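Take a look at the structure set out below.
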Amino acid sequence: MSLPSLRQPFVEGSIQTRVGSVPRISSTLARADRLGSIKARWGIGRMRYTVEPGLYALGDPDKQAPVLVTANYKMSFDRLREALPGRHAWILVLDTNGINVWCAAGKGVFGTEELIRRGEFSKLENIVDHRKLILPQLSGPGVAAHQVKKLSGFKVIYGPIKAMDLPEFLDAGLKATPEMRNKTFTVKERTVLVPVELVSVLKWALIILPAFFFLGGLGGKAGYWAGALNYGLFAIAALLSAVAAGAVLTPILLPWLPGRAFSVKGLVAGLITAIILTVFRAGNFSDWPGRAEMLAWFLMIPAITAYLAMNFTGASTYTSLSGVKKEMKWAVPLEIAAGAAGLFIWLGSRFVI
Amino acid sequence: MGNLIYLKDVVTLELDQEKCVGCGMCLVVCPHEVLSMNNGHAGIKNRDLCMECGACARNCPTEAVTVQAGVGCAAAVINAALGRNASSCCCVLEPDDDAGSGSIKSGVFNPPKCC
């Protein structure tokens, strides 16, 4: 365990305390910090987007200043400091391996043990005269407040869920309103999660799309390029539509899609997508291969959208593990069956009929 | 818009009112207003809003609240079923970052994809 380095780009000098120098940070984000957030949202370097764990000084904190605890995911750290312009506080950054507060707490990495250890190592008891630590409410799954008190003497006070509510929470004498304690999942909160889901799906698409294009040309009687440009290109359009419906539209439209299970929501989005594509493809239904092709997509598109929607449970803020397991028990077999049947029929439409 | 509700009647949350001392910590940490306080004891008000995050149970000094805590993440369930090294949460290896590079630090855990 070492002290946080002064050489990190966001550190602006240091302040002297009874126990040595502590890196100073400001609540103003630089362009590099904003760019870093955007990149992390797109999955670029997200697993290495960290700050060094330990104690930091926001502004000019004294012995009475509040101690705010966060994770060493840089986005968590930046959301915290930018919420506190003109304030003076100690920021204790726990080592969560670069994972955000809620996920790290769910694993116990943002936990009782790390909190106590990091506080002791940072000599908090010599830096502040009070014995209070303000933690984000969503660290609750990992931190047992009563144990922290017993083992370290520090009292854990759960602050608001969102860092942006901290000024109001601090000014109200460390009191949170019911709204601050309730985790929402607004359209904006859902939308920012779309890129990272999309990026992980499109990695697969880079392999699958060319395969369909290639196979589209091989079968049939019309010759390679005629087949590839007709069936292959339509396959690419159908797959990209399925990804858009499952990984973009379903998360954004989540509350308005019917059903409680995410797979059902995705299924509905997929069926609507398949119907729209059918309208555009109607000119191709004069022969049996054309009709079989559409049937194949009517199976594959909903299978893909249901699967992608189901995967969004991990990003959502309200799904329980018991519920996800119950949903998957029927959804996964159906998704596999529909996907496999659709692929089988599509290959049949190209090579058999 | 109010709280979004997931599947009904699936949640494993239990509250033993005999053990409850009424400290209210479970109400503080719950992110979905699942619990309420009546006559000095906590009670379950909105069971179907519970996401089994486990914050209430973790912060209950008398073990009055229990729940099979976990993260409701399909990718994690699939990984666990496939026996991949990512069973407890939504942890999917991102090929970009980890494949072959051996960057999984000291084998503590894999980074989550979906949280």
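The values are calculated or read from the model by the stated rules, or taken from the named source; none is laboratory data. What you are looking at is a predicted structure, and each value in this text was computed from that prediction instead of being measured. So basically every Cβ, Gly included, is an ideal-geometry build from the backbone, and we count neighbours across all protein chains shown. Just so you know, the surface numbers come from the protein's heavy atoms only, side chains and all, with ligands and any DNA or RNA stripped out. Shrake-Rupley method; radii C 1.70, N 1.55, O 1.52, S 1.80 Å.
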Item to check | For segment A:14-183, the Rg and Dmax computed from alpha carbons only, in angstrom | outcome: 15.0, 42
Item to check | Per residue Cα convex hull volume in Å³ - calculated over segment A:1-95 | outcome: 91
Checklist entry - Any idea what angle helix A:112-121 forms with the longest principal axis of chain A, computed on alpha-carbon atoms, 0 to 90 degrees, nearest 10? => result 40
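Please give the average number of partner chain Cβ atoms lying within 10 Å of the Cβ of each residue in B:65-73, rounded to a whole number.
6
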Checklist entry - How many Cβ atoms of partner chains, on average, are near each residue of A:175-183 if near means within 10 Å of its Cβ? => result 3
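Can you pull out the trypsin sites (Lys or Arg not before Pro) in segment A:7-76 that DSSP calls coil and that have at most 15 other Cβ atoms within 10 Å? Numbers along the way, then the final one.
Details: sites: A:R7, A:R18, A:R24, A:R31, A:R34, A:K39, A:R41, A:R46, A:R48, A:K63, A:K74; in loops: A:R7, A:R18, A:K63.
Answer by residue number: A:R7, A:R18, A:K63.
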Checklist outcome for this item: Under the Karplus relation with 6.51, -1.76 and 1.60 and θ = phi - 60°, whole-Hz ³J(HN,Hα) for segment A:149-160, x at Gly and Pro, equal 4, 5, 8, 10, x, 8, 8, 7, 10, 7, x, x
Checklist entry - What are the principal axis extents of the Cα atoms in segment A:117-243, in Å, biggest first? => result 83, 32, 21
Item to check | Kirkwood Rh in Å, taken over all unlike Cα pairs in segment A:261-353 | outcome: 14.0
Checklist outcome for this item: Residue by residue through segment B:69-78, the couplings from Karplus 6.51 cos²θ - 1.76 cosθ + 1.60 with θ = phi - 60°, in Hz, x for Gly and Pro, are 6, x, 10, x, 9, 4, 4, 5, 5, 5
Checklist entry - What order do A:H88, B:H41, A:H130 take when sorted by accessible area (1.4 Å probe), most exposed first? => result A:H88, B:H41, A:H130
Checklist entry - With every protein chain in place, what's the accessible area of A:Y307 (1.4 Å probe, Å², nearest 10)? => result 90
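Within 10 Å of each Cβ of A:93-100, how many other protein chain Cβ atoms are there on average?
Per residue, the average neighbour count from other chains is 2.
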Checklist entry - In segment A:254-286, which chymotrypsin sites (Phe, Trp or Tyr not before Pro) are in a loop and have at most 14 other Cβ atoms within 10 Å, using DSSP for the loop call? => result A:F285
Item to check | Under-5 Å amide H pairs with A:V156, H placed in peptide plane, nonlocal only | outcome: A:L133, A:K149
Checklist entry - Where the accessible area of the protein assembly as shown is counted over protein heavy atoms with a 1.4 Å probe, how much of it, in %, is carbon and sulfur? => result 61
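Mean shadow of segment B:14-66, computed from the convex hull of its alpha carbons, in nm²?
Approximately 3.0 nm², given one-decimal rounding.
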Next on the checklist: Just to confirm the filter: which trypsin sites (Lys or Arg not before Pro) across segment A:212-308 are DSSP coil and have at most 14 other Cβ within 10 angstrom of their Cβ?
Outcome noted: A:K221
Checklist entry - Could you give the angle, 0 to 90 degrees to the nearest 10, between helix A:233-243's Cα long axis and the longest principal axis of the Cα atoms of chain A? => result 30
Checklist outcome for this item: In degrees rounded to 10, the 0-90 angle between helix A:31-41 Cα long axis and the longest Cα principal axis of chain A is 50
Next on the checklist: Solvent-accessible area of A:W42, probe 1.4 Å, all protein chains present, reported in Å² to the nearest ten, please.
Outcome noted: 120
Next on the checklist: How compact is segment A:96-148 by the rule of thumb for globular proteins, expressed as Cα Rg over 2.2 N^0.38 Å?
Outcome noted: 1.13
Next on the checklist: As a test of reading the structure, rank A:T17, A:T313 by solvent-accessible area (1.4 Å probe, protein chains only), most first.
Outcome noted: A:T17, A:T313
Checklist outcome for this item: What the 20 Å binned alpha carbon P(r) of chain A shows, as percent of pairs per bin from 0, is 26, 42, 24, 8, 0
Next on the checklist: With every protein chain left in place and a probe of 1.4 Å, what is the accessible surface of B:E63, to the nearest 10 Å²?
Outcome noted: 130
Checklist outcome for this item: Cα-based Rg/(2.2 N^0.38 Å) for segment A:188-351, rounded to two decimals, is 1.07
Item to check | Amide H contacts under 5 Å for A:I25, placed H, 5+ residues apart | outcome: A:E12, A:A57, A:L58, A:G59
Item to check | Vicinal HN-Hα couplings computed from phi for segment A:287-301 (Karplus, 6.51 cos²θ - 1.76 cosθ + 1.60; Hz; Gly/Pro x) | outcome: 10, 5, x, x, 5, 4, 4, 5, 4, 4, 6, 5, 8, 6, 4
